[in-house]
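One structure below.
A short reminder: the numbers here are calculations on the coordinates, not readings from a lab. Note that the structure is a prediction, hence the values are computed from the model and not measured. All Cβ positions, glycine included, derive from the backbone under ideal geometry; neighbour counts span all protein chains shown.
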Amino acid sequence: MREILPGVYQWSWFSQEKGCDFNGHLVVSGAERVMIDPPPMPEDDRTRLQQLGPIDCIVLTNRDHVRESEAYRKLFKTTVLAPEADAPLMEIKIDRTFKDGDLLPGSLKAIHIPDGKSPGESALFLDRGKGTLILGDALIGKPPGRLNLMAPEKYKDPSKAREGIRVLLNYRFDSILVGDGASILTGGKRAVDKFLGS
């Protein structure tokens with residue numbers, strides 16, 4: 001686990017099946033600590049995380065990013081939040097749901113991504129510094145330095161899914177932290193523009 005932006009930590013677990021890293025993030029905002037889409041974490045990272053203080057909650061961006069949430073809910077004695085539209089599709093208990101525009105712990109704003117892979121697909125916006133977006137499966141960082149959709153069969157309508165990404169351009173951001181693949185720490189908005197061909 002490393003601090004990739006001020007108050008934002010990332011750890012990764014390599015998926016042999018997908019051929020890329022699955023990333024988890026921890027946002028520290030004042031006294032609040034929020035874990036996002038947590039994949040498996042090495043023991044030394046868990047120890048370091050516990051040293052940073054209590055985890056206020058775990059936020060999931062979509063139905064497929066449950067990952068290690070149940071284990072970490074128990075380990076850190078915390079709660080799990082998920083998009084309202086995806087919560088009924090998840091196999092674990094969700095303590096609280098959110099929808100587009102909601103302000104979540106850690107000063108994170110929920111952004112619903114229309115026509116995504118799941119009905120509740122969401123991004124999280126952190127409005128500090130030059131702005132940061134944290135994505136689940138809305139876009140993946142593969143190959144490194146570029147953003148892409150997942151395989152077309154993951155969507156009901158890939159062209160609509162692509163257009164749904166435009167909602168991100170309503171926000172001011174420089175960094176994009178992805179759930180799958182390589183994050184883009186600077187020039188994130190340009191990378192979204194390039195992906196959309198705009």
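Things to note:
- Backbone geometry of segment 3-10 corresponds, through the Karplus equation with coefficients 6.51, -1.76 and 1.60 at θ = phi - 60°, to 3J(HN,Hα) couplings of 7, 8, 9, x, x, 10, 10, 9 Hz, x marking Gly and Pro.
- Dipole of the chain, positive end: most advanced residue of His65, Phe173, Ser159 [Cβ charges, Cα centre]: Phe173
- Against the empirical 2.2 N^0.38 Å (N residues), segment 111-198 has a Cα radius of gyration ratio of 0.97.
- Using only alpha-carbon positions in segment 66-151, the gyration tensor eigenvalues give semi-axes of 22, 17, 14 Å once each is multiplied by 5 and square-rooted (largest first).
- Protection proxy ranking of 81-93, 148-160, by the mean of other Cβ atoms within 10 Å over each peptide's residues and highest first, is 81-93, 148-160.
- Förster radius 30 Å - calculated FRET efficiency between Lys154 and Ser29, Cβ distance, rounded to 0.05: 0.45
- Mean separation of Cα contacts under 8 Å (6+ apart) over length of the chain, as relative contact order %: 16 percent
- Cβ-Cβ FRET estimate between Lys74 and Asn170, R0 fixed at 45 Å, reported to 0.05: 0.75
- Straightening the chain between Glu43 and Asp193 buys 50.2 nm, computed as 0.36 nm per residue apart minus the Cα-Cα spacing.
- Ordering of 118-129, 99-110 by packing [mean C-beta count within 10 Å, highest first]: 118-129, 99-110
- Estimated dipole of the chain in Debye, rounded to 20 [Cβ of Lys and Arg +1, of Asp and Glu -1, Cα centre]: 420 debye
- Structural size metrics of the chain, computed from C-alpha coordinates, are Rg and Dmax of 15.4, 45 Å.
- Stretching Arg146 away from Leu52 to a fully extended chain increases their span by 30.7 nm, per 0.36 nm per residue minus the current alpha-carbon distance.
- Crossing angle, helix 43-52 versus the chain [Cα axis fit, 0-90 degrees, rounded to tens]: 80 degrees
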